[in-house]
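Below: the structure, in structure tokens.
None of the figures in this text is laboratory data; all of them are computed from the coordinates on show. Computed from a predicted structure; not experimentally measured. Please note: Cβ atoms are built from the backbone with ideal geometry, for glycine as well, and neighbour counts cover all protein chains shown.
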Amino acid sequence: TMDRIRHERESDPSRAAPEDHDLSRELREALGEKVPKKKSRPSRGGDDDEDDLEIVHNRTDDITSLKCPVTGLLFENPVRNKVCGHTYDRAGLAQLLNNRKYNCPIPGCSNKSLSLSQVEEDEEMILKVKRYKVRVEAEKRKRELEDDEDMEGEGGGFTVLE
């Protein structure tokens, strides 16, 4: 019965693949991933190269956009201001409020009544920071592997004692 239902759903020509859904495409664009052109749905076979996401570097992926404007550090607990749309780290916002500073720290912003009730968790920024950290770690591992390969060409990395 489950197999029949699954088969009916997968063979329904009006059903879009999850990766082709508008929400999925918008999220991938917001995270800086290359969004593939729409194509016919691939079979469920073993040749799935869709796991290798190509990252598109754009200005929203800039490291400065991943840092709190108050602390200058990478976001750990980002919150978005519902009034003006700016993002701060919760610790940076607490620092401002403890110092009785109630203006949004972004230059030119007209929000002069900053408060904790104006902010909500910024899930998009959380995802961007996570993806940035994963990318940095992958680049670090790649460099380490390349360094190890370079070392192997220089005598094998060991000495034989007799």
field: Estimated FRET transfer efficiency (LEU73, ASP3; beta-carbon r; R0 45 Å; 0.05)
entry: 0.30
message: Taking the Cα of SER113, stepping 7 Å toward and past its beta carbon, and measuring to each backbone N in the range 82-100: which are under 19 Å?
response: 82-86, 97-98, 100
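My understanding is that a pair violates if its Cα-Cα distance is over 29 Å; which of LYS82/LYS140; LYS82/LYS130; LYS101/LYS133 do that in this structure?
From the list (LYS82/LYS140; LYS82/LYS130; LYS101/LYS133), the Cα-Cα distance tops 29 Å for LYS82/LYS140; LYS101/LYS133.
Cβ under 14 Å from ASN111's Cβ, ASN111 left aside: what net charge do those residues give with Lys, Arg +1 and Asp, Glu -1?
Working: positive: ARG80, LYS82, LYS101, LYS112; negative: none.
Here the count lands on +4.
Sorted by packing (mean other beta-carbon atoms within 10 Å per residue), highest first, where do 87-95, 132-140, 74-82 land? Walk me through the intermediate numbers first.
Numbers: 87-95: 20.4, 132-140: 11.9, 74-82: 17.7.
Descending mean neighbour count gives 87-95, 74-82, 132-140.
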